[in-house]
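**Q** Quick one: the structure is below, and I'll ask about it shortly.
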Amino acid sequence: MRFKNVFSIIGPAMIGPSSSHTAGAVRIGRFARQLLGSAPTEAAISFYGSFAETYSGHGTDLAIVGGILDYRTDDERIRHSLQDAAEQGIRVVFSTGVLPGTHPNTVKITLTSQDGRHTEVMGASIGGGTIVIRSIDGFEVKSSGELPTLVISHADRQGVLAGITAMFSRENVNIGYIITDRKGRTAEALTVVEADSSVPPELMEAIGSLEHVSRVAYIDLTR
């Protein structure tokens with residue numbers, strides 16, 4: 001694969017030992033936490049491939065939970081994230097499984113909020129702290145987490161995507177990448193938009209007010 005920059009090779013500032021098994025894992029955990037929008041009360045974490053074989057020895061369990069607590073990759077608190085989660089009343093359950101055809105460093109995170117909302121993220125740590133989110137709430141997507149990202153839940157209706165892109169244009173925010181998946185014609189859909197700059201609250205509110213849009217979540221792993 002081609003690396004975008006030097007940080008893709010040497011990895012980000014991080015708590016070790018491995019950019020793939022810790023830094024990338026932190027970022028996947030943070031993506032899930034910010035997607036939920038609040039601290040969860042429960043976190044079910046399923047490891048696959050090499051993650052399943054080595055997660056405890058390489059600290060991937062600590063890294064994922066640190067991300068769920070919204071710790072950055074270089075936060076010293078990652079070392080005791082399991083204890084921190086327990087003290088915050090977050091129930092954490094780990095499991096392993098076999099998932100043919102996926103990247104070796106794959107994890108699925110299911111979070112439950114205090115008000116009973118659920119969100120599920122499946123992602124892979126592909127090296128140097130770089131991640132790819134492959135699935136959100138059962139929708140097949142692709143997101144790197146490298147750019148400020150909106151995750152928009154909506155009905156699959158004519159004009160919704162046009163309305164979303166028009167709102168970005170109105171607020172002078174450039175779209176770097178956009179992908180949509182749907183359950184079926186006129187059924188539920190999910191759109192992921194990566195922006196070239198931070199997304200102002202006004203843009204989120206405008207998109208959230210569009211007809212057929214049910215939820216807008218903002219993920220910014222640079223914060």
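**Q** The stretch 154-223: Rg/Rh from Cα coordinates, Kirkwood Rh? Provide the component values of the computation, followed by the final result.
**A** Numbers: Rg = 11.9 Å, Rh = 12.5 Å.
Dividing the radius of gyration by the Kirkwood radius yields 0.95.
**Q** To continue, here is another question. Can you pull the Rg over Rh of the stretch 96-189, Cα-only, Kirkwood?
**A** 1.00
**Q** Follow-up question, since we're still on this one. Enter the accessible area of R223 (Å², nearest 10), with the probe set to 1.4 Å and all protein chains included.
**A** Result for R223: roughly 140 Å² accessible.
**Q** Which order do H103, H118 take when ranked by solvent-accessible area (1.4 Å probe, heavy atoms of all protein chains), largest first? Walk me through the numbers on the way to the answer.
**A** On the way: H103 70, H118 125 Å².
Correct descending sequence by accessible area is H118, H103.
**Q** Tell me the net charge near S46. Cut-off is 13 Å between Cβ atoms, S46 excluded, with +1 for each Lys or Arg and -1 for each Asp or Glu.
**A** Here the count lands on -1.
**Q** Thinking of the chain as a set of Cα atoms, what percent of all their pairs are more than 24 Å apart?
**A** Within the chain, distances greater than 24 Å cover 42 percent of Cα pairs.
**Q** Just how large is the dipole of the chain about the Cα centre, in debye to the nearest 20, putting +1 at every Lys and Arg Cβ and -1 at every Asp and Glu Cβ?
**A** Numbers: 20 positive and 24 negative charges, 85 e Å.
Using only the charged Cβ atoms, the result is roughly 400 debye.
**Q** I've got another one for you. Measure off 7 Å from each Cα along the Cα-to-Cβ vector at R185 and S113, then give the distance between these two points in nanometres to one decimal.
**A** In this crude spin-label approximation the distance works out to 3.3 nm.
**Q** Something else: About the Cα centre of the stretch 56-188, what is the dipole size in debye to 20, counting +1 per Lys and Arg Cβ and -1 per Asp and Glu Cβ, all else neutral?
**A** Computed about the Cα centre, the dipole is about 440 debye.
**Q** Determine the order of D115, D70, D61, D196 by accessible area, beginning with the largest, at a probe radius of 1.4 Å.
**A** D115, D196, D70, D61
**Q** If you don't mind, there's one more thing I want to ask. In whole angstrom, how far apart do the alpha carbon centroids of the stretch 127-142 and the stretch 164-204 sit?
**A** For the stretch 127-142 versus the stretch 164-204, the Cα centre distance is 17 Å.
**Q** Could you compute the net charge surrounding S153? Neighbours are other residues with a C-beta less than 15 Å from the C-beta of S153; K and R count +1, D and E count -1.
**A** That sum, taken over residues with Cβ under 15 Å, equals -2.
**Q** In addition: Give me the number: length gained by fully extending A166 to T102, i.e. 0.36 nm times residue separation minus the C-alpha to C-alpha distance, one decimal in nm.
**A** Here the segment from A166 to T102 would lengthen by 19.5 nm.
**Q** Okay, next question. Output the relative contact order of the chain, whole-number percent, from Cα pairs under 8 angstrom with separation of 6+ residues.
**A** Working: 505 pairs, mean separation 48.3, N = 223.
For the chain, the relative contact order is 22 percent.
**Q** Follow-up question, since we're still on this one. Mind checking which of A195, A155, A166 is farthest towards the positive end of the stretch 74-223's charge dipole, using Cβ charges of +1 (Lys, Arg) and -1 (Asp, Glu) about the Cα centre?
**A** A155
**Q** Counting only the heavy atoms of the protein chains, how much of K108 is accessible to a 1.4 Å probe, in Å² to the nearest 10?
**A** K108 has an accessible surface of roughly 50 Å² with all protein chains in place.
**Q** With all protein chains present, calculate the accessible area of E205 using a 1.4 Å probe and round the result to the nearest 10 Å².
**A** In the full protein context, E205 sits at about 130 Å².
The values are calculated or read from the model by the stated rules, or taken from the named source; none is laboratory data. The model shown is predicted, which means the values in this text are computed figures rather than measured ones. When we count neighbours, we look across all protein chains shown, and the Cβ atoms used for this are built from the backbone with ideal geometry, even at glycine. To get the accessible areas, we keep the full protein, side chains included, count just its heavy atoms, and leave off ligands, DNA and RNA. Shrake-Rupley method; radii C 1.70, N 1.55, O 1.52, S 1.80 Å.
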